[in-house]
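A.B. asks: Just passing along the structure, written as structure tokens.
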Amino acid sequence: MLFLAPDEIDRFLELLVEEIQVPPGRYEQAESSYQSLGKWMHREQSTVRDGDPDVYVQGSFRLGTAIRPASDEEDYDIDMVCRLKYEKSDLTQAELKQRVGIEVKAYAKRHGMTKPNEGRRCWTLIYADEAQFHIDVLPAVPDYEKRRRLREAGPGMERLGATALAITDDEHHDYQRRLGNWPRSNPKGYALWFRDRMGQEFTKRALNEAMKMRASVEDVPNYRVRTPLQSAVQLLKRHRDHMFSGRQDEKPISILITTLAAHAYEQEASLSNALLSLLGKMDRYIEVRYGVHWVENPADPEENFADKWSDHPERREAFYVST
């Protein structure tokens, strides 16, 4: 039987991470794309210029946990927010989505792109085949009511909740109703929490990166830093993809894996120790509230990332099997 020393195990795991790593150029493409779209939204002829558009990347590209597609037939899925400074009371979700859609369609036409697809929540910009990525643009407005409630919950939640958003969803019961409820999100708050969970390992590695960039630590993007937590999440996501190939409906969603892994991480400095810690403790952070399985959004305690498990118990079972 072959036994590997701890440092050999870490070298092997790091090689696996390199195999699934997103090339820096892809991150730079994402940054260039959202900056280009942001400039478009701010141009003089823009129909949403009065909303002071803020376009930024969210999801795994923001966290530095994106992974390379399993095959050349798959695209990089880049998630972006288009936040407009409108009040929820001034328009419906449908109206907000239409306003953003007008500019996204005009942007695509101006740049010779295929007509954007309208999804349930987002508009999808489709780039040329050789680019191998598409961008989901999520319309949003500030959720001032949610920000106030989180501010009242204490300093910790005030810090994370300061960027809470109301978003669009055409399957939501109040989609066409003015003064109705809105779905919510807070990608900046979540990213801040995730960076906190990386702790000293992020700070130490970010300092080294900041010296190379001649920038401050705050200006170092998460993707430029490679912590054990980020690498562990990437390996868990690739394992999930292989395990559920052809079974998309059962596949555990990335936000569940990322949130539970970040909770379980205890500042381990090596990837192998981090993985062992995560796999042994992730399920401890799944609560049961009044019979409902609950994985709380750290940036919004009212949001349950496992909300689909009640209607689809097979997804809950699939998650436990996969981890």
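A.B. asks: Read phi for every residue in region 262-273 and hand back ³J(HN,Hα) as whole Hz from Karplus 6.51 cos²θ - 1.76 cosθ + 1.60, θ = phi - 60°, with x for Gly and Pro.
C.D. replies: These are the phi-based 3J(HN,Hα) values: 5, 4, 7, 5, 10, 6, 4, 8, 10, 5, 5, 5 Hz.
A.B. asks: Something else now. Given an 8 Å cut-off on Cα distances and at least 6 residues of separation, report the relative contact order of the chain as a percent.
C.D. replies: Once divided by the residue count of the chain, the mean separation gives 15 percent.
A.B. asks: Of all the accessible heavy-atom surface of region 1-133, with the other protein chains kept in place and a 1.4 Å probe, what percent is carbon and sulfur?
C.D. replies: Ligands and nucleic acids excluded, carbon and sulfur reach 48 percent.
A.B. asks: Determine how many Å³ per residue the convex hull of the Cα atoms of region 193-323 encloses.
C.D. replies: Spelled out: Cα convex hull of region 193-323, divided by residues, is 111 Å³.
A.B. asks: In whole Å, how far is the Cα centre of region 4-33 from that of region 149-220?
C.D. replies: After rounding, the separation between the Cα centres reads 24 Å.
A.B. asks: Using amide H atoms built in the peptide plane, which far-off residues or other-chain residues are under 5 Å from TYR76 H to H?
C.D. replies: For TYR76, the qualifying residues are PHE133, HIS134.
A.B. asks: With N residues in region 1-133, what two-decimal value do you get for its Cα radius of gyration over 2.2 N^0.38 Å? Numbers along the way, then the final one.
C.D. replies: Numbers: Rg = 19.2 Å, N = 133, 2.2 N^0.38 = 14.1 Å.
Compactness ratio reported: 1.36.
A.B. asks: Percent antiparallel among DSSP beta bridges with both residues in the chain, to the nearest 5? The partial results should precede the final answer.
C.D. replies: On the way: 22 of 30 bridges.
Here the share of antiparallel DSSP bridges comes out near 75 percent.
A.B. asks: Using all C-alpha to C-alpha distances in region 129-200, build P(r) with 5 Å bins and read off the rounded percent in each one.
C.D. replies: Calculated P(r), rounded to whole percents: 3, 15, 19, 18, 15, 13, 9, 4, 2, 1.
A.B. asks: Over every pair of different alpha-carbon atoms in region 1-77, take the mean of 1/r and invert it; report that Kirkwood radius in Å.
C.D. replies: Computed over region 1-77, the radius equals 15.6 Å.
A.B. asks: Scaled to the compact-protein estimate 2.2 N^0.38 Å, what is the alpha-carbon radius of gyration of region 102-247, rounded to two decimal places?
C.D. replies: Its radius of gyration relative to the 2.2 N^0.38 Å reference: 1.32.
A.B. asks: Looking at region 74-113, what % of the alpha carbon pairs are farther apart than 15 Å?
C.D. replies: In whole percent, the long-distance tail amounts to 56.
A.B. asks: Please list the radius of gyration and Dmax for the chain, considering alpha-carbon atoms only, with Å as the unit.
C.D. replies: For the chain, the Cα-based Rg and Dmax read 20.2, 69 Å.
A.B. asks: In square angstrom, rounded to the nearest 10, how much accessible surface does HIS173 have for a 1.4 Å probe?
C.D. replies: 150 Å²
A.B. asks: Among the trypsin sites (Lys or Arg not before Pro) in region 220-305, which ones are in a DSSP loop with at most 13 other Cβ atoms within 10 Å of the Cβ? Mind listing them?
C.D. replies: Working: sites: ARG224, ARG226, LYS237, ARG238, ARG240, ARG247, LYS281, ARG284, ARG289; in loops: ARG226, ARG247.
Hits after loop and neighbour filter: ARG247.
The values are calculated or read from the model by the stated rules, or taken from the named source; none is laboratory data. All values reported here derive from a predicted model rather than from experimental measurement. Reconstructed Cβ throughout: ideal geometry from the backbone, glycine too, with neighbour counts over all protein chains shown. Just so you know, the surface numbers come from the protein's heavy atoms only, side chains and all, with ligands and any DNA or RNA stripped out. Shrake-Rupley method; radii C 1.70, N 1.55, O 1.52, S 1.80 Å.
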